[in-house]
Structures are given as structure tokens and as C-alpha cells.
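Reviewing the structure listed below.
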Amino acid sequence: MSDALLITVAGVGAEVMRSQQPHLPLLPDEVGEEYGRACDAGATIGHVHGRRPDGTPTQDLETFRAYSAAIRARCPIVQQFSTGGAVGMDVEERIAALALKPDMATLTLGTCNFGDDIFENSLPTIRTILGRIRQFGIVPELEIFDDGMLATADFLFGKGLLAPPAHFDFVLGVPGAAAATPENLTHFARSIPVGCTWTVAGIGRRQTAMATMAIAMGGHVRVGFEDNIFYRKGELADSNARFVERVVRIAREVGREPASISEARQMLRLPAAA
Ligand code: KMH
Ligand code: ZN
């Protein structure tokens, strides 16, 4: 297995607003340019949420069509559509854009608190999302926010609804779900089948600490405005690429290089790019 580092850029998200992060991309050209700069810096997966021009979240297919085309015109990053959307969206809305057949789509394996809200992923919701992912031949990223979601992964593997090796993302530090601690990251990484790949998305100020641990552990990294808007305490990041550049610097210090797009596609079991 390659030692190359997968870096996901989660550059849009559904919760952060322009009033908090003035560089948040919203229009298709802005999203294309932002993901292009992140890709130039070493990101190989682009995790995509939709926004209306006023910044409100949407999973509308036409928004994703425009984002996807703008990203593709700028760079060959692996495109991963969110099916989480924003809290409160119904499942049909969350999966509407999958008809565009992105390379990958997220699949969160359980319900958790999400600050004051509830991020709802009951088994029927999971089955509906997974059904659509399979219908369109999309590679899932299994999102794990809390311990019980690892049990659901085992359950789905046992039922043959998912097959290892799979790609996971551990989202650590959401208020109300698993904390971004070394102990949790170690436990999560040990709990998935051998041969699976994983990234960690450390929320807020824990982003860089979690990324550094993942690099040392042989895992992979997710960064971006969806998870963290500050480059360091009190200083807003001026682009998503800044986070990617920092991860690449840390990785090189411990002897890991960012994956190329073709390496990433192989590691994620995606067909070679056309
Ligand atoms: N916005 C969060 C409630 C995903 O992209 O699949 C859920 C989320 C997960 O971002
Ligand atoms: Zn997301």
C-alpha cells in the first residue's frame, strides 16, 4: 500500500457563513478557483456542499452541476459530494445531486448531536442514501462522528451492504459527538477492517493536531473551512489552500508526500481518470 498522503479539502461546508469567514467560496467560479488552489497545493479529494449565492445551504442538483463543472475546468481533484447537507434537510434533498454521478459521496453511519441540532442518520436514512450511491456506482466515504457509528459499519459489512476495504472519514470534535482526542482517533483507526483507508477531520482548533497525528499513524487528512476557519488562534485563514500547504509541510517533515491524483484514485479504488 502506498505511503502517499491523501488530503481532502472541505472548502465550502453547510454551516460556516461569509460573515464568519470572508473567503468562503459561494459562486461556482469561486468554488472552482478555491478547489483549484487547494489541488495545486496537494489536495486530491474535494468534499463539496452546495450554497445559494446568499450563502444558505442547498443540495440542489443544478448548484452541484455548476460547482462540479467549475472545479473540473480548473483541476482534476476527485469530486466527493456531501449527502449530509445541512441539519434538518430531508433525505431526498440530501441525495438529489447524486444523479450527476460524482466520483465519491459521503455516507454518515448514524445520528448524533450537532451543537444545538440533531444530525439525523437513522438506518432507513442510511439505506436510502446507500441505495442511491450504489445505483450510480459511486464510491462511498463512510463518515464516523461517534463510536456507535463504527458498530453500524460492522453491521453493514456483516450484511454485505458494504464491503471492505472502504474509505472512512473520522469527524472528531463536533459538539455533542466524539471529541478530537488522540485516544479517540487511535480507537477509531483500530476499529475498522484492515486495508481500509481513513482521513481525520479535526474540528476547529484541533484540526492541525489531528492532521499531524494522522500523518504519523499512516492515515490521511481532511482540512478546510467546513471544519475550521482559523489558520491559528485569532487569525482567519485567507484560503483553504493555506491549510493544505501546512499539512504538506508537516507530512514532508516526517517523510510522506501528498498523493498524486492518479495515486489517490488507485488508493480509493476509483477508475483511472479518463
Ligand atoms: N453539515 C453536517 C450536518 C457530510 O458532508 O456528509 C453534515 C456533513 C456531513 O457535513
Ligand atoms: Zn460535509
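The values are calculated or read from the model by the stated rules, or taken from the named source; none is laboratory data. As the structure is a computational prediction, the values presented were derived from the model and not from experiment. Here Cβ is always computed from backbone atoms with ideal geometry, including for glycine, and neighbour counts include all displayed protein chains. Note: accessible area is taken over every heavy atom of the protein model, side chains too, but ligands, DNA and RNA are not part of it. Shrake-Rupley method; radii C 1.70, N 1.55, O 1.52, S 1.80 Å.
Residues that are among the β-branched types (Val, Ile, Thr) and over 21 Å from residue 147 (Cβ atoms) do not occur anywhere in the range 187-194. Against the numbered list (1) within 16 Å of ligand 2 (Cβ to nearest atom); (2) more than 15 Å from residue 197 (Cα to Cα), residue 156 comes up short only at (1). Residues in the range 224-254 that are without any contact (Cβ under 8 Å) to a residue 24 or more places away in the chain and on the phi > 0 side of the Ramachandran plot: 234 only. Taking the range 58-154 as the region of interest, the strands (runs of 3 or more DSSP E) fully inside it that hold 3 or more residues being of a type in the set (A, V, I, L, M) are 104-108, 139-144.
Of the residues screened, residue 145 is not one that is modelled with pLDDT of 95 or more and either open to solvent by 50 Å² or more (accessible area, probe 1.4 Å) or away from ligand 2 (no atom under 15 Å from the Cβ) (or both). Output yes when any residue across the range 51-65 is crowded, with 20+ Cβ neighbours inside 10 Å, modelled with pLDDT of 95 or more and more than 15 Å from ligand 1 (Cβ to nearest atom), and no when none is. No, the range 51-65 contains no residue that is crowded, with 20+ Cβ neighbours inside 10 Å, modelled with pLDDT of 95 or more and more than 15 Å from ligand 1 (Cβ to nearest atom). For the range 106-127, indicate whether the set of residues that are open to solvent by 40 Å² or more (accessible area, probe 1.4 Å), within 24 Å of residue 155 (Cβ to Cβ) and touching a residue at least 40 places away in the same chain (Cβ under 8 Å) is non-empty. Yes - at least one qualifying residue is present in the range 106-127.
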